[in-house]
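Written out below as structure tokens is the structure these notes cover.
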Amino acid sequence: MTEPIDKLINRSNPSAHSSLESARLNSLVEKAKVLMDQLSAIAVRQTDAIESGDIEQIVEIVTKREPVVRGLVCVGEEIDAFISNPEAIALVNERERSKAFDRISSIEHAMRKLRERDAQDQKLMESTRDRLADELGSMGTGMSALRAYTTRSATPNPILQDRQG
């Protein structure tokens, strides 16, 4: 598959290689930026859903979020492989390389902010879970006490009833 590309590019023309590699790097960084923007928008909706307690919406958002995260991981791996390849990165001119690294830095900053938001969302979900567990626990205790003091025949041997019955 690389042979047709090699035929199109004159191997003696380094600027053609440089242009191709610059375009490839820019394309990868642009994909990462688009995916990061999508993930940030999903995270805002996720926070709103968590704060409102809309479980169905939370599940829907998590389902939408997963493929975006996977795509971002794949693009990140491609960018890392490209940058780690000294031959490929050397073909990108200094200005284009600097511009790409600035954009990558911006994406990494957005990722840190997203992780902070996710940590806050996690804490909010945990506190909501704990509050609901406490409410359900006290509800169960209250129901048991109520059953102990009722005279329904469904309660066998009501041991906690007072002497008056």
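The numbers here are math on the coordinates, done by the rules we state, and not lab data. Computed from a predicted structure; not experimentally measured. Glycine gets a Cβ as well: all are built from the backbone with ideal geometry, and neighbour counts include every protein chain shown.
Only one of (1) under 23 Å from the mean Cα position of the chain (by Cα); (2) over 27 Å from D80 (Cβ atoms) fails for L136. Which number is that?
Here L136 clears every test but (1).
With the requirement that a residue be more than 19 Å from E116 (Cα to Cα), small (G, A, S) and part of a helix (DSSP H, G or I), what does the stretch 36-65 give you? Spell out how you get there, then give the answer.
Here is the first cut: in the stretch 36-65, the ones more than 19 Å from E116 (Cα to Cα) are 52-57, 59-60, 63-64.
Going one step further and asking which of them are small (G, A, S), we end up with 52-53.
Across the stretch 36-65, the qualifying residue is only S52.
What residue, among those in the stretch 20-35 that are of a type in the set (A, V, I, L, M, F, W, C) and touching a Lys or Arg at 6+ places or on another chain (Cβ under 9 Å), is farthest from K113 (Cα to Cα)? Quick ask: steps written out before the conclusion?
So in the stretch 20-35, the residues of a type in the set (A, V, I, L, M, F, W, C) come out as 20, 23, 25, 28-29, 32, 34-35.
This time we only want the ones that are touching a Lys or Arg at 6+ places or on another chain (Cβ under 9 Å), so: 25, 29, 32.
Numbers: L25: 24, V29: 19, A32: 16 Å.
Ranking the candidates gives L25 first.
Within the stretch 72-88, identify whether any single residue is touching a His at 6+ places or on another chain (Cβ under 7 Å) and either surrounded by 13 or more Cβ atoms within 10 Å (Cβ to Cβ) or assigned to a helix (DSSP H, G or I) (or both), and answer yes or no. Step through it out loud before you land on a result.
Restricting attention to the stretch 72-88, the residues satisfying the condition of being touching a His at 6+ places or on another chain (Cβ under 7 Å) are none.
Looking through the stretch 72-88, none of the residues is touching a His at 6+ places or on another chain (Cβ under 7 Å) and either surrounded by 13 or more Cβ atoms within 10 Å (Cβ to Cβ) or assigned to a helix (DSSP H, G or I) (or both).
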